Amino acid sequence: MELFFLALLMMLMAGALASGYPVAFALPGSAIITIILAGVAGYLFAGDTDAYFAIDGPSQWLSAGVTNFRFYWEPERDTLIAIPLFIFMGIMLQRSKIAEDLLVTMAQLFGPIPGGLGISVVFVGALLAATTGIVGATVVAMGLISLPAMLRNNYSRPLASGAIAASGTLGQIIPPSIVLIILADQLASAVDQASTARKTEYREATGEISMPPDFDVTSTSAGDMFLGAFLPGLVLVGLYMTYILIFALIRPSSAPTVRFEGQYDAKFIGKVLLTLVPPLALIFLVLGSIIAGVATVNQAGAIGAAGALVMAGYRLCEGQRGAYIPAVIAIASVVSLFFVLSNFDTNIRTADTAEDQLGVTLAAISVIALGIAIGWSGLRALRIDDTLRGVMIETAKTTSLVFIILIGAAMLTAAFRAFGGEDIVKEFLGSLPGGFWTQFFIVMLVIFILGFFLDFIEIAVVVVPIVAPILLANPEANVTAVWLGVMIGLNIQTSFLTPPFGFALFYLRGVAPAVVKTLEIYRGVIPFISLQLLALVIVAFTPALVNFLPQRVSLTAETAPPPNNPRLQYCLENYVTEAFERDGESIRQAIAAARGLDLSGLPEDLADDLRESFDKAEEAFPRLAAIGAAEEAVALKADAYRPVHQEVRAAQRLIRRETKEIEELETAARRALTDAERARFQARADALKEDVAALEASIPENWDEFSATFQELTKAENQARRQYRRTVDDAAEPLIETIEILDSVPALEALGPTLSALDAEIDNADAEAAVERFKEVRAAFSAAPEVGEIRSLLNKARRELDRNTPNRGEARALLTEAAALYESELAWRRAAEASLRPDLERYREAIGDTIAVRALERLPNKHAVYIAGCQSEHRDISLFF
């Protein structure tokens, strides 16, 4: 019966959408009706409202729906709060005719180039995509402005319409894009589900309690999605422009050059700069602030909305006196704020000096001036043609539509799962031959077809939550959520162009003149569809195009993981291997030179630790070679092991699934109210037991031995990696500790007068004051490393003074001992700092990129670049499961 109600749910949704019923109500309405019918049918025919649900009954589904509603209602959700801000930004730029200025000016600039008008359309489409992210508005604007100009200049009608439709869809993939924000939001929860599923699979397959951190699913955010989509978007723009240029060179009569009637003089250059620089600056501020880690996505959205308002303020007053005053004030304020933040401490709580107070004052003035500029621009936009009010209404409508669809889709997805739909999809995809890539191809094909009928929002919030956890949990390709999201975004964009249902085609048909036939529009977009499919293939087989920038930014951000983070070790060890091959001889020479250092001036225990660390550094070479040998052994065995492993693991997954279903059926049989119903449940359970027996018989008899042999090889590799990491840590820690001790000489020297002054405190009549002073000096010694014995003596002296009857004599004796120890410590540190530290520093520089890199606080830049490239490629880890 669950299948019946699942089919009913799909039919109700498809029927509602086909009838033209609003999507925002078709999705939750289908779920509510089906849930009610299933609950009532269960109550009437089985005496239990939960009888016809695979997972949750109606009460649990209702709770899930309320939870989802509250989940999307949270104003702190970083990814979703950015949506209205970017929508406002795009609509404001459209309504203020800045987009029109871009199209006209770029057409004049590129006109003399073969296919120049078409190239300008693509260029402006990319700029509008980076400022609006709204497909319909972009296609309509370019169709109204560019299409007549291209037709007047004898452009091929299919080429003109294809270029406009394709360029208008760039807003789907070029950040900041609404679809990327929604995909990031949906993928965030999909990553959690996939991570749980992968850990469960690892535990069931290996028997290990915990999974290695570097095997976990890589999460994503809206900022990561923006960074990941940036390069693929540029690749797509480059493909469009290249096609138009080649087309114009082959058939110049269909894409002729257009000479600019004016002069390419200083006035024209000024016009181009005035038209082009502000949108580019806005894009730079929005995306640059995200890439640099200065702003979150919603903060960048606020920057974009404010910038668009300021730009609209001068564009709406074009030709009037003082039109640019608010913009000039805004620019001056931003520059002033940047200067103040770079040179002053503007924290009001800690502003206790005149310089700090000056910085706070300048920052306040700059913020007030910026507020005035934005308010002034907003007043202009409100006064002139009521532009601001129209933009706000349109933003509210679009945002409301997005959020209603999000909530409705969450309810539909919960109902789909309640009837076992997710398990059916998972079982279907898991049964496909060819592994991950077959699953991925089928999912992408389904999304492509759905793009004919559904908007990107419905696809993102209905399909992605169902299929993304399945694809992300698969360890075979081990894809990142960012890569999967960008691939889905590119796919949805392609479906926007596909005849006869592509939404972009409908938008263009609505504004195109009658002379442009519908079939010509269809013919025009076919080459661009081919280019988008080519871009999909390029991104699929070059994941670094998507993954590198997010990884690079993550590894160099303020919150970057330290070099000893477990997720970085695989790639870091590859880096060290290459460094050893390249610079191994010089590193060995540095180790040999360090062994010859005179360490007699150091304390014996510290000298022994250093000597042992030199041995450990030399030992790092064979330890790293052991990793390579273990990896090679695993790789040699993997070719024979992989097909058997895939077959057995697939059978074991089916066995686990069917065993669970058998338990549920037997429970249902025990609870059945009639003999007929009990027999039906038991018959189904018996049939599944036969399937389980057949599956168990299909597992090769030598599987356990075969698997154990391979597991021993992987354990040997893991053991080699653990031994290497312990070795290099032991090689680096004494060295860094010694250098820190020698670097502490100035700090230790500064404590001498403070320590000497304690002698007078012992005779202080106020014993409590003396005790507090001893505490302060003891705490001050915490700034110097390896002076714990001095601190212990000071603490003992403090306790002697803290008695009911202070023992001043014993306190003075302890203080004298502490002072003598201080002088001894200071003496050897001074001598070693002068004679030994330069050699130790040279040694640290020699091994700092390799053996000692795990001991650093942050990854060096070149390591971050290498690891970002290494982690950008997908790594098959399925054999470890």
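Tabulated data for the structure shown
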quantity	calculated
Segment 429-454 - residue that is in a helix (DSSP H, G or I) and open to solvent by 60 Å² or more (accessible area, probe 1.4 Å) and, of those, modelled with the lowest pLDDT	S431
Single match in E749, E761 (criterion: charged (D, E, K, R) and over 19 Å from N807 (Cα atoms))	E749
Odd one out for I269, checked against (1) under 24 Å from D101 (Cβ atoms); (2) among the β-branched types (V, I, T); (3) at pLDDT below 80	(3)
Residue satisfying all of: in segment 529-553; assigned to a helix (DSSP H, G or I) and free of Cβ contacts under 8 Å to residues at least 24 places away in the same chain; most open to solvent (accessible area, probe 1.4 Å) among these	F541
Selection status of V486, in contact with a Gly (Cβ under 6 Å, 6 or more places away or on another chain) and either buried (at least 24 other Cβ atoms within 10 Å of the Cβ) or in contact (Cβ under 8 Å) with a residue 60 or more places away in the chain (or both)	yes
Where Q682 falls short, out of the listed (1) closer than 23 Å to E201 by Cβ; (2) touching a residue at least 12 places away in the same chain (Cβ under 8 Å); (3) open to solvent by 40 Å² or more (accessible area, probe 1.4 Å)	(1)
Unique residue being more than 32 Å from the chain's Cα centre (by Cα) and among the small types (G, A, S) when the list is S342, S366, S333	S366
Test result for L826, over 21 Å from S613 (Cβ atoms) and not in a helix (DSSP H, G or I)	no
Count of residues meeting criterion [closer than 22 Å to G162 by Cα and either under 16 Å from the mean Cα position of the chain (by Cα) or not in a loop (DSSP other than H, G, I, E, B) (or both)] in segment 455-483	1
Residues of segment 798-818 that turn out to be open to solvent by 40 Å² or more (accessible area, probe 1.4 Å) and in contact (Cβ under 8 Å) with a residue 40 or more places away in the chain, as a count	2
Residue in segment 208-228 that is at pLDDT 90 or above and either under 25 Å from T494 (Cα atoms) or open to solvent by 10 Å² or more (accessible area, probe 1.4 Å) (or both) present	yes
Positions within segment 557-569 being part of a helix (DSSP H, G or I) and surrounded by fewer than 17 Cβ atoms within 10 Å (Cβ to Cβ), in sequence order	P566, R567
Output for segment 211-268, where each listed residue is among the hydroxyl-bearing types (S, T, Y), under 40 Å from the mean Cα position of the chain (by Cα) and not in a helix (DSSP H, G or I)	T218, S219, T220, S221
Among (1) without any contact (Cβ under 8 Å) to a residue 12 or more places away in the chain; (2) in contact with a Leu (Cβ under 7 Å, 6 or more places away or on another chain), the one test that A481 misses	(1)
Residue in segment 639-648 that is under 23 Å from Y570 (Cα atoms), out of contact with any Cys (no Cβ under 9 Å at 6 or more places or on another chain) and either open to solvent by less than 40 Å² (accessible area, probe 1.4 Å) or in contact (Cβ under 8 Å) with a residue 40 or more places away in the chain (or both) present	yes
Filter pass, S824 being among the polar types (S, T, N, Q), within 30 Å of N764 (Cβ to Cβ) and surrounded by fewer than 19 Cβ atoms within 10 Å (Cβ to Cβ)	yes
R349 farther than 30 Å from I457 by Cα, exposed (fewer than 13 other Cβ atoms within 10 Å of the Cβ) and modelled with pLDDT of 85 or more	no
Total residues in segment 489-503, condition aromatic (F, W, Y) and open to solvent by 10 Å² or more (accessible area, probe 1.4 Å)	2
Counted residues, segment 484-528 - those being within 15 Å of F448 (Cβ to Cβ), at pLDDT 85 or above and not in a helix (DSSP H, G or I)	0
Residue list for segment 330-346, restricted to those being open to solvent by 50 Å² or more (accessible area, probe 1.4 Å) and assigned to a helix (DSSP H, G or I)	I331, A332, V334, V335, F338, F339, L341, S342, N343
Among (1) farther than 30 Å from A590 by Cα; (2) in contact (Cβ under 8 Å) with a residue 40 or more places away in the chain - the single one G788 does not satisfy	(2)
Any hit, segment 795-816, residues being closer than 21 Å to A750 by Cα, modelled with pLDDT under 85 and part of a loop (DSSP other than H, G, I, E, B)	no
For D598: the one exception among (1) within 40 Å of the chain's Cα centre (by Cα); (2) farther than 19 Å from A852 by Cβ	(1)
Tally of residues being more than 30 Å from D605 (Cα to Cα) and open to solvent by 60 Å² or more (accessible area, probe 1.4 Å) across segment 747-793	8
Whichever residue in segment 700-725 is of a type in the set (F, W, Y) and out of contact with any Asp or Glu (no Cβ under 8 Å at 6 or more places or on another chain) and, among such residues, is most open to solvent (accessible area, probe 1.4 Å)	F706
All positions within segment 577-590 that are open to solvent by less than 30 Å² (accessible area, probe 1.4 Å) and either in contact with a Phe, Trp or Tyr (Cβ under 9 Å, 6 or more places away or on another chain) or modelled with pLDDT under 90 (or both)	F580, G584, I587, A590
Leading residue by the ranking (most open to solvent (accessible area, probe 1.4 Å)) among those in segment 192-207 that are under 21 Å from A651 (Cβ atoms) and not basic (K, R)	E204
Condition check for V728: assigned to a helix (DSSP H, G or I), buried (at least 18 other Cβ atoms within 10 Å of the Cβ), of a type in the set (V, I, T) and without any contact (Cβ under 8 Å) to a residue 60 or more places away in the chain	no
Verdict on L794 being at negative phi, of a type in the set (A, V, I, L, M) and touching a residue at least 40 places away in the same chain (Cβ under 8 Å)	no
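The values are calculated or read from the model by the stated rules, or taken from the named source; none is laboratory data. This structure is a prediction, so every number in the text was calculated from the model and none was measured. Neighbour counts are summed over all protein chains in view; Cβ atoms, including those assigned to glycine, are modelled from backbone coordinates with ideal geometry. Note: areas computed on protein heavy atoms with side chains; ligands, DNA, RNA excluded. Shrake-Rupley method; radii C 1.70, N 1.55, O 1.52, S 1.80 Å.
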